[in-house]
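> Mind looking over this structure? Questions follow.
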Amino acid sequence: MNFEEFAAKPLLAKVGIPIPTGMLAHDSKQAASAGEALGAVIVKAQVPTGKRGKAGGIIVADSAAETQAAAEKILSMTIGGTAVEKVLIEQRAAISQEYYAAILNDADSKGPLLMFSDQGGMDIEEIAQSQPEKLRQLAIDVRSGVQLSEVKALVEPLVDASVVQPLADLLCKLYQAYADNDAELMEINPLALLDDNSLMALDCKFVLDDSAIKRQQELAKHGTPDKLTGRELAAQELDLKYIDLDGSIGLLANGAGLTMTTMDVITHYEGSPANFLEIGGEAYTKATEALKLMLDNEKIKSLVVNFCGAFARTDVMTEGVINAWQELQPEIPVFFSIHGTGSIEARAMLKDRLGMDSFTTMDEAIQAAIQAAGSAGGANS
Amino acid sequence: MIVRGSESLLVQGITGKQGSFWTGKMQEYGTNVVGGVNPKKAGTECCGVPVYASAVDAMQAGTTFDVSILFIPPLGVLAAAQDAMAAGCKKLVCLTEHIPVRDVMFMMAEAKERGVQIVGPNTAGLVTPGECFVGFMPAFDPAIFKAGNIGVISRSGSLGTLMCLNIVQAGFGQSAFSGIGGDPIIGTTTRDALEALDADDRTEAVVMVGEIGGSMEEHAAEYAATMKKPVVAAFIAGGSSPPGKKMGHAGAIVMGDKGTYKSKKTALEAAGVEVLATPSAIGPALVNAKIPQC
């Protein structure tokens, strides 16, 4: 779950990392009074996406009038598909250098990874590409946490000697914020060295580990939910993994890998999938709800039901689909491929109740569905 | 990773609905289940084996086990894994999905220090056809699993099952199925699983099933080029997935240039691994590679 800057920065302040004095404004009037109170400011769009600066969503202002104008401009923008609804107005400080600092969950070292660069304010992938020697990394043992001496050694080659100690202290606090909040990513970019030689976090990006939301419920209230379509929202309430796509072939499969593959193979045979819908894992008993949800999509011209049961029992899933089918009596053609746990019972049920057979392979079921979608006038775009 | 019939198994969470269902299936198939764990039902029996309060208790009662499998809800997994490791278990199979990553990192750090191999989290388990399985795989379905010479590695249980079905339909069989799990941080990587299969006497060739996200397939490709045995083919799921979306598995997400289908395909092809357009193409690929059928 992504947190916007205004929601992420308080997590830094909480562990003692300095952040600029700022105010959130939802309209130009609030912005003007913030400008009045704060003086020379920077006005920043609050959206759950990077590249705000490039999109024009960050403007400096030196008076209440300028602040109001900047806020008005930004609040009328759409950045990365999101209409800007609020701006963060912060006091500007005199900056002598910008650093980059982040801690993330690293798959290669299987633990926390601290990254530091003296090339702050830039896209970190660019630094990693063009100046790898300017990006230093430290793998941390999650059990003992970060060690001050290691952090000092990490930053020493890149910063002035007078900055090493306060910077290392700040990075240890950043680790604290990362650990306390079940972060997937806790990033400060830029981390500014000010003219008075103090440090300040000018931006913050925090991503909460989705799997930790169940034990971070208070915190999660401040995050920005993913932008979902109506069906995606309904699916979320049912605890189903559903994503709307543009095509004409509806697909229902079990397990993430098989569902992605069903999409891939539909695409391979030049069809186009209408959705990603997985009912694997604990969701395998929800076939009825799942089917109702996807049939709500008018673009669907034919349907593939692709089950390969491991944990998920295909007999339970198939029964759910058949129940829904008999209840809803949809007019679109459906094609089944059923294998794995419970498949003998599932195929018998399919034959008995719908008079249908499962295809021998997924490929055949998919090709039949694509052909049916085509003849239904649902030519694939 | 590979599990063989001579190994003994402890089932943590044996008394739950899934725990007892799959313990029964594993026993029917021939897996040597020696005990189970549920702190609230210690002293009872389940599936014909004794239930202990903890893995450490089982060990102290003289029940030795080579492998432990965890049928445990997400927030209880770290404690259960620590219990199994404290009991001296060197191989853990962790099925649970949606464990907080911070807990997973604690498990991994402890496992590294103790020399423990964790399979998963979010794996469907391990199978040696005709001998035993540990997890929730349809090992007992002869259309899907048949003793043979192909080692199969998969991040996904359902897709791994489909690949095994296609292998059997093409007249081949498996020496081992290694489900490694769909989480972003897992104990046994694709590369680790390749090493185990390269060293395995029964395996003559390897088939890989990967997916978008992370860089495991790229690391595995480097190693594949150095193996004694051929990695005949790979299927990478998610080539048609939109970027920036988690495709069901927490680990299956493309961020910028990282984790893309293209990057994985390029790396595998450079290592001489054929990348399949559909899982059903595995049969012809194995025939072309002149792998003996069984």
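> Taking strands (runs of 3 or more DSSP E) that fall entirely within segment B:1-88, which contain at least 2 residues that are farther than 24 Å from B:Thr188 by Cβ and free of Cβ contacts under 8 Å to residues at least 40 places away in the same chain?
B:49-52
Each row is one residue, and each column tells you yes or no for (1) touching an Asp or Glu at 6+ places or on another chain (Cβ under 9 Å); (2) buried (at least 17 other Cβ atoms within 10 Å of the Cβ).
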{"site": "A:Asp62", "(1), (2)": "no, no"}
{"site": "A:Ala65", "(1), (2)": "no, no"}
{"site": "A:Arg92", "(1), (2)": "yes, no"}
{"site": "A:Asp106", "(1), (2)": "no, yes"}
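> Among (1) in a helix (DSSP H, G or I); (2) under 16 Å from B:Val127 (Cβ atoms); (3) in contact (Cβ under 8 Å) with a residue 40 or more places away in the chain, there is one condition B:Ser158 misses while meeting the rest; what is its number?
(3)
> Are any residues in segment A:165-200 more than 30 Å from B:Asp183 (Cβ to Cβ) and either charged (D, E, K, R) or crowded, with 18+ Cβ neighbours inside 10 Å (or both), and if so, which ones?
Within segment A:165-200, A:Leu167, A:Ala168, A:Asp169, A:Leu170, A:Pro190, A:Leu191, A:Ala192, A:Leu193, A:Asp195, A:Asp196, A:Leu199, A:Met200 meet the criteria.
> Suppose the filter is outside any loop (DSSP other than H, G, I, E, B), more than 24 Å from A:Asp363 (Cβ to Cβ) and more than 7 Å from chain B (Cβ to nearest Cβ); does A:Leu252 pass it?
Criteria not met by A:Leu252.
> Tell me, yes or no, whether segment A:257-267 has at least one residue that is over 17 Å from B:Pro242 (Cα atoms) and in contact (Cβ under 8 Å) with a residue 24 or more places away in the chain.
Checking segment A:257-267: not a single residue is over 17 Å from B:Pro242 (Cα atoms) and in contact (Cβ under 8 Å) with a residue 24 or more places away in the chain.
> Find the residue count for segment A:137-164, including only residues that are under 25 Å from A:Glu125 (Cβ atoms), surrounded by fewer than 15 Cβ atoms within 10 Å (Cβ to Cβ) and within 14 Å of chain B (Cβ to nearest Cβ).
Counting residues in segment A:137-164 that are under 25 Å from A:Glu125 (Cβ atoms), surrounded by fewer than 15 Cβ atoms within 10 Å (Cβ to Cβ) and within 14 Å of chain B (Cβ to nearest Cβ) gives 1.
> Does segment B:208-218 contain any residue that is more than 14 Å from every other protein chain (Cβ to nearest Cβ), surrounded by fewer than 23 Cβ atoms within 10 Å (Cβ to Cβ) and not acidic (Asp, Glu)?
No, that holds for no residue.
> Going by the conditions given, is A:Ala37 small (Gly, Ala, Ser) and either over 26 Å from the mean Cα position of the chain (by Cα) or over 23 Å from A:Ala177 (Cβ atoms) (or both)?
Yes; evaluated as a whole, the condition is true for this residue.
> Something else: Check segment A:69-78 and report whether any residue there is out of contact with any Gly (no Cβ under 9 Å at 6 or more places or on another chain), on the phi > 0 side of the Ramachandran plot, in the same structural domain as A:Ser33 (by TED's automatic domain parsing) and surrounded by fewer than 16 Cβ atoms within 10 Å (Cβ to Cβ).
There is no residue in segment A:69-78 that is out of contact with any Gly (no Cβ under 9 Å at 6 or more places or on another chain), on the phi > 0 side of the Ramachandran plot, in the same structural domain as A:Ser33 (by TED's automatic domain parsing) and surrounded by fewer than 16 Cβ atoms within 10 Å (Cβ to Cβ).
> Which ones in segment B:129-179 are of a type in the set (S, T, N, Q) and under 21 Å from B:Thr190 (Cβ atoms)?
Result: B:Asn149, B:Ser154, B:Ser156, B:Ser158, B:Thr161, B:Asn166, B:Gln174, B:Ser175, B:Ser178.
> Could you tell me how many of the residues in segment A:123-136 are closer than 25 Å to B:Val101 by Cα and either outside the structural domain of A:Leu191 (by TED's automatic domain parsing) or buried (at least 16 other Cβ atoms within 10 Å of the Cβ) (or both)?
Looking only at that region, the number is 3.
> Given the criteria more than 9 Å from every other protein chain (Cβ to nearest Cβ) and surrounded by 24 or more Cβ atoms within 10 Å (Cβ to Cβ), does A:Leu240 qualify?
no
> Sticking with this one: Here is a list: A:Gly80, A:Gly22. Which entry is at pLDDT below 95, small (Gly, Ala, Ser), under 27 Å from the mean Cα position of the chain (by Cα) and under 27 Å from A:Met122 (Cβ atoms)?
Going through A:Gly80, A:Gly22 in turn, just one is at pLDDT below 95, small (Gly, Ala, Ser), under 27 Å from the mean Cα position of the chain (by Cα) and under 27 Å from A:Met122 (Cβ atoms): A:Gly80.
> What tally of residues in segment B:174-200 results from selecting those that are over 16 Å from B:Lys229 (Cβ atoms) and surrounded by fewer than 22 Cβ atoms within 10 Å (Cβ to Cβ)?
0
> So, restricting to strands (runs of 3 or more DSSP E) that lie completely within segment A:1-115, which ones have at least 2 residues that are out of contact with any helix residue (DSSP H, G or I) (no Cβ under 9 Å at 6 or more places or on another chain)?
A:95-106
> Is there a residue in segment B:259-270 that is touching a residue at least 60 places away in the same chain (Cβ under 8 Å), crowded, with 24+ Cβ neighbours inside 10 Å and either of a type in the set (Gly, Ala, Ser) or closer than 22 Å to A:Ala128 by Cα (or both)?
No - not one qualifying residue is present in segment B:259-270.
> Next up: Scan (1) among the polar types (S, T, N, Q); (2) assigned by TED's automatic domain parsing to the domain that holds A:Phe311; (3) buried (at least 18 other Cβ atoms within 10 Å of the Cβ) for the single condition A:Ser211 breaks and write down its number.
So the condition that A:Ser211 fails would be (2).
> Another question, then. Being within 8 Å of another protein chain (Cβ to nearest Cβ), part of a loop (DSSP other than H, G, I, E, B) and within 19 Å of the chain's Cα centre (by Cα) narrows it down to one residue among B:Gly248, B:Gly181, B:Gly239; which is it?
B:Gly248
> Restricted to segment A:31-48, and to residues that are without any contact (Cβ under 8 Å) to a residue 40 or more places away in the chain and touching a strand residue (DSSP E or B) at 6+ places or on another chain (Cβ under 9 Å), which residue is surrounded by the most Cβ atoms within 10 Å (Cβ to Cβ)?
Here the answer is A:Ala32.
> Here's a follow-up. Pick from A:Glu278, A:Glu345: which is facing chain B (nearest Cβ under 8 Å), within 25 Å of B:Leu165 (Cα to Cα) and either at pLDDT 95 or above or in contact with a helix residue (DSSP H, G or I) (Cβ under 9 Å, 6 or more places away or on another chain) (or both)?
Result: A:Glu278 is the single residue among A:Glu278, A:Glu345 that is facing chain B (nearest Cβ under 8 Å), within 25 Å of B:Leu165 (Cα to Cα) and either at pLDDT 95 or above or in contact with a helix residue (DSSP H, G or I) (Cβ under 9 Å, 6 or more places away or on another chain) (or both).
The values are calculated or read from the model by the stated rules, or taken from the named source; none is laboratory data. Not measured: the values here are computed from a predicted model. With ideal geometry, Cβ positions are generated from the backbone for all residues, glycine too; neighbour counts draw on all protein chains shown.
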